[in-house]
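The values are calculated or read from the model by the stated rules, or taken from the named source; none is laboratory data. Keep in mind the model is a prediction, meaning the values are calculated, not measured. Note that each Cβ is placed from the backbone with ideal geometry, even for glycine, and that neighbours are counted across all protein chains shown. Ligands, DNA and RNA are excluded from the accessible area calculation, which covers all protein heavy atoms including side chains. Shrake-Rupley method; radii C 1.70, N 1.55, O 1.52, S 1.80 Å.
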There are 2 protein chains.
Amino acid sequence: MPQRHVFTEPLPLQSGARLAPYELAFETYGTLNADRSNAVLICHALNASHHVAGVHVLDDGSLDVGWWDNMVGPGKPVDTDRFFVIGVNNPGSCFGSTGPSTIDAATGKPYGASFPVVTVEDWVDAQARLADTLGIARFAAVMGGSLGGMQALAWSTRYPERVAHCVAIASTAKLSAQNIAFNDVARQAIMTDPEFHGGNYYAHDTVPRNGLRVARMIGHITYLSDDDMAEKFGRALRADDLAFGYEAEFEIESYLRYQGAKFSEYFDANSYLLITKALDYFDPASAHDGSLTAALARATAGFLIVSFTTDWRFAPERSREIVKALLDNRHSVTYAEIDAPHGHDAFLLDDARYHRLVAAYFDRIHAAIGVAR
Amino acid sequence: MPQRHVFTEPLPLQSGARLAPYELAFETYGTLNADRSNAVLICHALNASHHVAGVHVLDDGSLDVGWWDNMVGPGKPVDTDRFFVIGVNNPGSCFGSTGPSTIDAATGKPYGASFPVVTVEDWVDAQARLADTLGIARFAAVMGGSLGGMQALAWSTRYPERVAHCVAIASTAKLSAQNIAFNDVARQAIMTDPEFHGGNYYAHDTVPRNGLRVARMIGHITYLSDDDMAEKFGRALRADDLAFGYEAEFEIESYLRYQGAKFSEYFDANSYLLITKALDYFDPASAHDGSLTAALARATAGFLIVSFTTDWRFAPERSREIVKALLDNRHSVTYAEIDAPHGHDAFLLDDARYHRLVAAYFDRIHAAIGVAR
């Protein structure tokens with residue numbers, strides 16, 4: 001079940017702003033062992049939350065399955081019979097932690113556009129404070145996919161003494177110009193929606209639904225592989241004949257419009273803006289004259305880096321850059337490039353080879369904990 | 001200089017609708033020879049026009065260079081000292097031919113949303129009628145890039161006796177699900193802009209500028225290669241430091257926003273919708289149980305097919321499918337895969353190897369004309 005912790009000590013942000021007070025929503029699975037050495041932190045990507053695993057029954061009776069439920073749980077690759085797993089919603093997001101839709105105690109109104117821009121490093125700092133409150137000095141592993149993998153990487157250098165293993169899946173050490181371009185078009189769609197009201201749409205009792213829907217559709221295309229889309233949808237039509245109009249007539253149109261509309265019902269547009277900015281900004285090498293090798297020098301963790309062949313958002317080449325920088329530093333690294341058809345989304349899917357690999361890596365982690373104990 | 005021709009005979013469209021009367025804007029370069037055997041038709045892609053080559057001085061004194069001026073002109077690969085070249089604006093577009101912004105004589109108002117959906121085949125039929133009025137029974141070549149290449153392919157099977165050579169560059173015999181997805185997101189951006197007014201924005205004295213801008217930004221990303229974007233823009237910032245805000249701060253953001261805004265000032269949103277639909281619908285194999293080989297069986301032309309290695313919109317694989325279908329039919333085909341960094345846009349750029357190849361092909365065409373004479 002979700003828990004919450006309120007932090008009154010201000011969180012200094014990379015932008016120079018401070019966030020205070022703030023609340024973090026989190027969820028834990030499994031049991032912390034006596035020497036507190038079996039904790040695993042799972043970092044979420046753009047549209048996920050602290051609800052990593054298990055099933056919640058919502059107020060309307062529907063079931064809410066954790067976003068990485070195939071990966072985390074009893075007997076699963078990250079086995080909650082062995083590990084104490086923590087999922088935490090990042091500040092700026094919209095699933096319970098303080099974010100743009102939260103009431104700012106200073107004004108009595110939602111933060112809206114005044115919520116400060118947060119970075120991957122800010123999130124990691126917030127997560128470290130949560131670890132403090134839970135009495136976890138060192139994680140057996142910090143793990144994430146995509147944007148979550150960036151957080152795992154940032155942990156490895158920002159708090160090297162607190163991370164035994166760093167697991168970054170389908171991730172990158174920085175966005176490409178093309179990645180930034182897609183994010184910016186998505187932001188433009190949101191910000192030019194007249195219902196956006198400069199980010200203060202809450203006061204107008206509306207949301208920039210159309211903009212958010214288009215933003216999600218753009219993102220969604222980049223999560224899927226061209227081949228997988230071809231296989232699943234191809235040029236299949238919803239009806240027998242061409243309609244010569246603008247209703248959804250190809251199956252792929254119908255699918256993306258539906259998914260976009262659904263997303264726009266539950267996700268906060270300001271959070272979308274903030275999180276895409278955090279993605280754009282992440283670039284640990286930039287403080288080291290562009291050298292990722294120098295940026296990762298401080299890390300002491302063991303690394304598991306995984307990429308997927310058909311991921312064109314964060315292609316295997318991006319993971320290989322991370323691996324190279326780790327090897328330059330003679331860090332311990334395991335790298336796997338999984339031949340999977342599902343594009344970037346593969347990291348969330350149930351692929352046997354991928355899951356066996358992660359399970360084996362966590363077996364090793366668990367064995368080492370056993371020895372230490 | 002642009003010319004116009006009014007057609008009073010209705011044009012029957014694939015949708016079952018008829019267009020009448022309609023006007024085509026076109027431009028010619030070079031001189032038609034005595035036996036009318038040196039005519040070349042250039043078909044345009046999404047946002048181009050009949051103004052293929054040469055420079056016009058606009059009313060405001062600025063210069064308007066033809067969109068394929070590096071390819072077509074005296075001494076250029078398509079040499080207007082040898083060939084009589086015709087550029088024609090397709091109906092549904094917005095550069096002089098009848099389209100959604102044209103006044104519908106029946107109502108005295110712009111067509112707007114009532115303009116019928118047109119297809120690649122409809123355009124080819126309109127172009128054939130224009131050829132009739134110009135006294136051209138058979139083209140030495142029909143040529144185009146991208147969507148223009150689709151028109152050239154359609155010519156080769158719809159009017160096989162009227163096409164000696166078909167030149168299709170950076171094209172495809174059908175859009176993939178991913179291609180359709182990008183087009184549909186672009187259309188959704190336009191159609192959900194409140195200024196769209198169901199396509200009748202002319203009556204409201206406005207245009208869906210924001211939607212069209214986002215649509216163009218999406219398209220633009222797909223025209224460039226990831227590598228080329230990385231090289232030209234990378235993660236370069238416009239200022240020294242991160243701004244932690246939403247103004248354009250990466251160079252790539254600034255570039256795409258500027259290009260999107262410029263496009264939204266001159267292009268008609270309804271034309272954008274229509275032309276992306278024509279792209280989506282093109283699929284000559286669909287009438288032959290999905291067999292492109294069967295679809296191209298009727299062709300008698302010689303073919304030049306060109307693709308570019310970094311084009312991920314219409315990748316070389318798409319051109320190879322066309323080549324395979326042509327070879328299955330034992331048609332004459334020359335195929336080149338040009339190693340160029342510029343993605344889909346490469347077909348418009350001045351690449352020496354590419355231009356030499358096209359020049360050599362047109363030398364052959366010209367030599368054959370000489371013999372025939």
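Brief remarks follow.
- Within the listed set A:A34, A:A53, A:A141, the Gaussian network model of chain A (springs between alpha-carbon atoms below 10 Å) gives the highest mean-square fluctuation for A:A34.
- Sum of -39500 (n - 2.57) over DSSP H runs of 4+, divided by residues of chain A (222 nm, nearest 500): -11000 deg cm²/dmol
- Selected from A:P91, A:P12, A:P316 as most flexible by GNM, with chain A as the system and alpha-carbon contacts under 10 Å: A:P12
- A dipole drawn for the range A:160-295 from +1 and -1 charges on Cβ atoms has a positive end, and of A:Y202, A:T192, A:A181 the residue lying farthest that way is A:Y202.
- Proximal lysines to B:K277, defined as alpha-carbon separation beneath 18 angstrom and excluding residues fewer than eight positions away on the same chain: B:K174
- Global geometry of the range A:281-373, whether rounded, prolate or oblate, following the gyration tensor of its Cα atoms and the 1.5 cut on a/c: oblate
- Ligands, DNA and RNA excluded, the heavy atoms of B:M217 present near 0 Å² of accessible surface to a 1.4 Å solvent probe.
- Average beta carbon contacts from partner chains per residue of B:227-237, 10 Å cutoff: 4
- Protection proxy ranking of B:272-279, B:167-174, A:331-338 - average other beta-carbon atoms within 10 Å, highest first: B:167-174, B:272-279, A:331-338
- For the pair B:A359 and B:A34, label points projected 7 Å from Cα toward Cβ lie 3.0 nm apart.
- Chain lengthening between A:A367 and A:Y258 when straightened (0.36 nm per residue, less Cα-Cα): 34.7 nm
- Screening chain A for whole DSSP H helices with an alpha carbon extent of at least 24 angstrom along the helix axis and a mean Kyte-Doolittle hydropathy of at least -1.0 yields A:352-372.
- Rolling a 1.4 Å probe over the protein chains gives A:E321 an accessible area of about 70 Å².
- Taking the Cα centre of the range A:107-202 as reference, the dipole from Cβ charges on Lys and Arg (+1) and Asp and Glu (-1) amounts to some 200 debye.
- With a cut-off of 13 Å between beta carbons, the residues surrounding A:Q259 carry a summed charge of 0, where Lys and Arg count +1 and Asp and Glu -1.
- Here the label points at A:S286 and A:T300, each 7 Å from Cα along the C-beta direction, are separated by 2.9 nm in the simple model.
- Zone of B:Y266's modelled label, taken as backbone nitrogen in the range B:90-113 under 20 Å from a point 7 Å along Cα→Cβ: B:90-102
- Top of A:F244, A:F347, A:F26 by mean-square fluctuation, Gaussian network on chain A, Cα under 10 Å: A:F244
- Cα centroids of the range B:103-142 and the range A:146-223: 44 Å apart.
- Where only alpha carbons of chain B are counted, the Rg and the Dmax (Å): 20.5, 69
- Taking a ≥ b ≥ c as the square roots of the Cα gyration tensor eigenvalues, the range B:4-144 comes out oblate, since a/c reaches at least 1.5 and a/b does not exceed b/c.
- Other protein chain C-beta atoms within 10 Å of residue C-beta, averaged over B:189-201: 3.
- Cα gyration tensor shape for the range A:164-270, rounded if a/c is under 1.5, else prolate or oblate: oblate
- Computed from the Cβ-Cβ distance with R0 of 56 Å, the FRET efficiency linking A:T8 to B:A203 stands at 0.45.
- Accessible surface for A:R4 stands near 140 Å², nearest 10, in the context of the full protein assembly shown (1.4 Å probe).
- Note on B:272-283: average number of Cβ atoms from other chains within 10 Å of each residue's Cβ is 2.
- Across the range B:36-95, Cα-Cα pairs more than 16 Å apart make up 47 percent of the total.
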